[in-house]
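Undergrad: Got a structure for you, questions after.
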Amino acid sequence: MLDANKIEFFEKVETPFYFYDMDLLRRTVWTVSQLSAKYGIEAHYAVKANVERRILEYISSMGLGADCVSGNEVRFASVCGFAPEKIVFAGVGKSDREIADALKLGIYSFNCESLQEIYVIDAMAERLGKRARISVRINPDIDAHTHVYITTGTYENKFGISAHEFDELISLVGRCRNIDFTGLHFHIGSQITDVENVFSLECERVNAIVSYFESRGLKVDDVNLGGGLGVDYEDPDGNPVADFDKWFGIVAEKIDRRPGRRIHLEPGRSIVAQCASLISRVLFVKVGETKNFLVLDAGMNDLMRPALYGAYHKIENLSARLRPNLPQSQIYDVVGPVCESSDVWGAGRLLPLSVRGDLMAVRSAGAYGQVMASRYNLRDFAPAVYSDDMHGARLRTEYFER
Ligand code: LLP
């Protein structure tokens, strides 16, 4: 919740910036670690969602593992306190150098996405005198009913190995002398809101695939179901913590378990999305022929999701909240300063009457926000500002001296 204290603090900081509510992050991660223990499910934070150092350090300190998709993510996760044996490395295109570095670090496992990758890892492990633990990512051909760009588990997608390669995979694993096959990995998509149906279907499909492999002599000790739990972009204050209990509960109930089998989940968005807002100011109020525009000082380069996926983020005028009289409302197209027509935060948004200088918040910006920022138009990166630094001795002066 962006209350009056926070708004007063924002007044002093140069915009745009990402504001991280560390109390909410702590509450969210605590929820996940409690549920992990309750259901006996290992959670690996999907590092790609947000790589701010303080965030990674906090998440690792709470005992979660890390799901990485590049050599740099693997290395940085390790620097931020994730033990190598809690790091898994996925991704369809791992380079030789990334594979070698991860082998040297001794990560828990490679989530392999093609048969050729398994050959390459086996050869690399031999050359380095290491053993490589691998899980194999399977494409279960499930439609996650989410945005087409963040659906990953159908045969239309590039991810994972599909059914026609299963038998070849079994014989390949038997032949590779430097790898230890530990299990199967799945991930069907992101921002899944139909939790009950989609994850139940995933569990059913996974059970069938796991028993197919086990019936052919391949022991599946690790079953990793990936991430994907959706968050409430419409009402971030009403639902600040995603429904982890429902997700973990469905998996615990529906997935086949046996002694020695470990179940893993990889939440990314659901851990970090709600803890950040992109804070900016109204630069100009433009009265157009047919529309009124609010031009903010934050743009698509700071947070690409609306321009890239047509994603909805709630927009709030924070300054108007502090005005003494209840402000009138008006419909605006809220836009950024970047020279692209798609640099729109939200079209036709009903907001309080807004003026130049008003502080604005783009909510639910913690996941796939700062990490996907660019310097397009040679704009500066919006920095991170943390709620922990708002008070007393820990106030970081550099926030005010940019
Ligand atoms: N595991 C794997 C193998 C993944 O590919 C992903 C996300 C996750 C876990 C974490 O999924 P989550 O819990 O965050 O849904 N940039 C897009 C989202 C891309 C997600 C890619 N994979 C967006 O802004 O919506």
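The values are calculated or read from the model by the stated rules, or taken from the named source; none is laboratory data. As the structure is a computational prediction, the values presented were derived from the model and not from experiment. Here the Cβ is made from the backbone with ideal geometry for all residues, glycine too, and neighbour counts use every protein chain on show. Heavy atoms of the whole protein, side chains included, go into the accessibility calculation; ligands, DNA and RNA do not. Shrake-Rupley method; radii C 1.70, N 1.55, O 1.52, S 1.80 Å.
Undergrad: Got a sec to turn the phi values of segment 378-384 into Karplus ³J(HN,Hα) couplings, 6.51 cos²θ - 1.76 cosθ + 1.60 with θ = phi - 60°, whole Hz, x for Gly and Pro?
TA: 6, 7, 6, 6, 6, x, 8
Undergrad: Can you tell me the length gained on complete extension of the stretch K246 to Q330, counting 0.36 nm per residue apart and subtracting the Cα distance? All intermediate terms of the calculation are to be shown ahead of the outcome.
TA: Values: separation 84, 0.36 × 84 = 30.24 nm, distance 3.84 nm.
Length difference between fully extended and current span is 26.4 nm.
Undergrad: If you take every DSSP beta bridge whose two residues both sit in the chain, what share of them, in percent to the nearest 5, is antiparallel? Could you put the intermediate results ahead of the total?
TA: On the way: 23 of 57 bridges.
Percent antiparallel among DSSP bridges in the chain is about 40.
Undergrad: Could you report the chain's accessible area per residue, 1.4 Å probe, as an integer in Å²?
TA: Details: 17390 Å² over 402 residues.
Per residue, the chain has an accessible area of 43 Å².
Undergrad: Compute the Cα gyration tensor for the chain, then decide on rounded, prolate or oblate, letting a ≥ b ≥ c be the square roots of its eigenvalues: rounded whenever a/c is under 1.5, prolate when a/b is larger than b/c in the other cases, and oblate in all that remain. Don't jump to the answer; show the numbers that get you there.
TA: Values: a/c = 2.11, a/b = 1.96, b/c = 1.08.
Prolate shape, in that a/c is at least 1.5 and a/b is the bigger ratio.
Undergrad: Please compute the volume of the convex hull spanned by the alpha-carbon atoms of segment 47-151 and report it per residue in Å³. Mind showing how you got there, number by number?
TA: On the way: hull volume 11.7 nm³, N = 105.
In segment 47-151, the Cα convex hull volume per residue is 111 Å³.
Undergrad: Right, here's the next one. Tell me, in nm to one decimal, what length is gained between N72 and R261 on full extension, where the rule is 0.36 nm per residue of separation less the Cα-Cα distance? Before the final figure, lay out the partial values.
TA: Details: separation 189, 0.36 × 189 = 68.04 nm, distance 2.94 nm.
Stretched fully, the N72-R261 segment lengthens by 65.1 nm.
Undergrad: Hey, got a sec? Which chymotrypsin sites (Phe, Trp or Tyr not before Pro) in segment 227-334 land in a DSSP loop and have at most 16 other Cβ atoms within 10 Å? Kindly include the intermediate steps, with their values, before the conclusion.
TA: Details: sites: Y233, F244, W247, F248, F284, F293, Y309, Y312, Y332; in loops: Y233, Y312.
Those satisfying the criteria are Y312.
Undergrad: Now for a separate question. Listed highest first by mean packing, meaning other Cβ atoms within 10 Å per residue, what order do 27-39, 86-98 come in?
TA: Working: 27-39: 17.3, 86-98: 19.2.
Ranked by mean Cβ neighbours within 10 Å, highest first: 86-98, 27-39.
Undergrad: Once each part is reduced to its C-alpha centroid, what is the distance from segment 267-309 to segment 110-130 in angstrom?
TA: 42 Å
Undergrad: Would you pull out the residues with amide H under 5 Å of V136's amide H, same chain only if 5 or more places away, H placed 1.01 Å from N?
TA: Excluding prolines and chain starts, which carry no amide H, the hits are C112, G183, L184, H185.
Undergrad: Given R₀ = 51 Å, what would the calculated FRET efficiency be for R216 paired with R54, taking r from the Cβ atoms and rounding to 0.05?
TA: Efficiency, rounded to the nearest 0.05: 0.65.
Undergrad: So, one more: Identify which of L64, L24, L128 has the largest mean-square fluctuation in a Gaussian network model of the chain, with springs joining Cα atoms closer than 10 Å.
TA: Maximum fluctuation in the GNM of the chain, among the listed residues, is at L128.
Undergrad: Hey, another quick one. In deg cm²/dmol and to the nearest 500, what is the mean residue ellipticity at 222 nm of the chain if only DSSP H runs of at least 4 residues count, each as -39500 (n - 2.57), divided by the residue total? Spell out each step's value before the answer.
TA: Details: 12 runs with 122 residues, N = 402.
Value at 222 nm, helices only, nearest 500: -9000 deg cm²/dmol.
Undergrad: Answer with one residue from H185, V120, F82: the one whose Cα lies farthest towards the positive end of the charge dipole of the chain, charges on Cβ with Lys, Arg +1 and Asp, Glu -1.
TA: F82
Undergrad: Sticking with this structure for a sec: Given 0.36 nm per residue, what is the gain on full extension from A37 to S342 after removing their alpha carbon distance, in nm?
TA: On the way: separation 305, 0.36 × 305 = 109.80 nm, distance 4.39 nm.
So the extension gain works out to 105.4 nm.
Undergrad: Going by amide H atoms built from the backbone, whose H comes under 5 Å of the H on S329, apart from near neighbours?
TA: Residues meeting the amide H criterion: L353.
Undergrad: When N is the residue count of segment 204-325, what does its C-alpha Rg come to as a fraction of 2.2 N^0.38 Å?
TA: On the way: Rg = 22.3 Å, N = 122, 2.2 N^0.38 = 13.7 Å.
Dividing the Cα Rg of segment 204-325 by 2.2 N^0.38 Å gives 1.63.
Undergrad: Then there is this: Could you tell me what percent of the accessible area of segment 33-177 is made up of carbon and sulfur, with a 1.4 Å probe and every protein chain present?
TA: 50 percent
Undergrad: Sticking with this one: If R0 is 41 Å, what FRET efficiency do you get for A163 and E196 from their C-beta distance, rounded to 0.05?
TA: Working: r = 26 Å, r/R0 = 0.62.
The computed FRET efficiency comes out at 0.95.
Undergrad: Follow-up question, since we're still on this one. Which residues does the label zone of E8 cover in segment 348-378, counting backbone N under 20 Å from a point 7 Å along Cα→Cβ?
TA: 358-361
Undergrad: In whole angstrom, how far apart do the alpha carbon centroids of segment 343-395 and segment 8-82 sit?
TA: For segment 343-395 versus segment 8-82, the Cα centre distance is 19 Å.
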